[in-house]
Amino acid sequence: MQIFGSDIETMAYSAKYISKIADIIDINMGCPAPKVVKNGDGSKLLTDLPKAKAIMQAVVENSTVPVTLKIRKGWDKENIVAVEIAKIAEEVGISAITVHGRTRTEFYSGHADLDIIKKVKENVNIPVIGNGDIIDEESAQKMFEYTNVDGIMIGRGSFGNPWIFAQIRHYLETGNKKDKPSNAQKLEVIKKHIELAVEEKGEIAIKELRKHIAWYTKNMKNSSEFRAKINQIESKEELLENINEYFKSL
């Protein structure tokens, strides 16, 4: 389970509580969202390394399971602190670190900096996980080969493509690419996604699902008209009806 926050006492309490149910606790010091950083949380902690260290220390001391850390390369181009914070993390007992190769001010623009991830890997002995711009088999292989990381983390590359994990794994193990999912497979997964989301949250999930369905159907035939249509829908039945109709038209 992932936690974030800038209050040391609260983070210590969270670690104690969550380590009863989680296999790993991950501290998020990479989130760039304005609502997170305005409270001094997430990637804002990259501007205050003594506080970041105190938080990591408190979580490690109060957790009975391994603690990992997720960071960005820094706050902005004048404050690149990834190597420094990785060394601190190792020193206080963090078990592994994930590095996203962008600063907070970059959000998701431009390209992830593989050099900084490589530099972190060269400077610590704990496992390093590379993150940023992994969207297919080739980009995954490049991250491994160029930076020598121990693992990779996929974020936005999985939007609308939950098959990416199996595809990349298969490619890295065999050198061959798996077939892309058929329309029938896509439809099956979309329906399952809708069922699970509604079961979890009720019909309110329909509004959230619109963006997921847009990702699933991106670049498919007449998908922009289809997306415009589903963005007005608020009921599960109507949504499923329109999805079935759309896939039938393909």
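Of the residues making up the stretch 236-248, none is in a loop (DSSP other than H, G, I, E, B) and either at pLDDT below 95 or within 14 Å of Ala197 (Cβ to Cβ) (or both). Look at Asn28 and say whether it is closer than 16 Å to Asp7 by Cβ, touching a residue at least 12 places away in the same chain (Cβ under 8 Å) and within 18 Å of the chain's Cα centre (by Cα). So Asn28 passes the test. Could you please tell me which pairs satisfy a Cβ distance under 9 Å, a separation of 6+ or placement on different chains, a first residue in the stretch 222-243 that is assigned by TED's automatic domain parsing to the domain that holds Leu209, and a second residue that is among the aromatic types (Phe, Trp, Tyr) and surrounded by 12 or more Cβ atoms within 10 Å (Cβ to Cβ)? Listed pairs, sorted by first residue: Asn222/Tyr246; Ser223/Tyr246; Phe226/Tyr246; Lys229/Tyr246; Ile230/Tyr246; Asn242/Phe226; Ile243/Phe226. The set of residues in the stretch 120-156 being buried (at least 18 other Cβ atoms within 10 Å of the Cβ) and among the basic types (Lys, Arg) consists of Lys121 alone. Report, by residue number, each residue of the stretch 64-85 that is more than 20 Å from Thr105 (Cα to Cα) and either modelled with pLDDT under 95 or buried (at least 23 other Cβ atoms within 10 Å of the Cβ) (or both). Listed by number, the list holds a single entry, Val67.
For Asn176, the conditions (1) closer than 23 Å to Ser223 by Cβ; (2) over 23 Å from the mean Cα position of the chain (by Cα) all hold with the exception of (1).
Scanning the stretch 97-119 for residues that are within 18 Å of Ala33 (Cα to Cα) and surrounded by fewer than 19 Cβ atoms within 10 Å (Cβ to Cβ) yields a count of 5.
I'd like the full set of residues that are surrounded by fewer than 13 Cβ atoms within 10 Å (Cβ to Cβ), free of Cβ contacts under 8 Å to residues at least 12 places away in the same chain and of a type in the set (Lys, Arg), limited to the stretch 157-200. Within the stretch 157-200, Lys192 is the sole residue that qualifies.
The values are calculated or read from the model by the stated rules, or taken from the named source; none is laboratory data. Remember, predicted model here, so these are calculated numbers, not experimental data. As a convention, Cβ positions derive from the backbone with ideal geometry for all residues, glycine included, and neighbour counts pool all protein chains shown.
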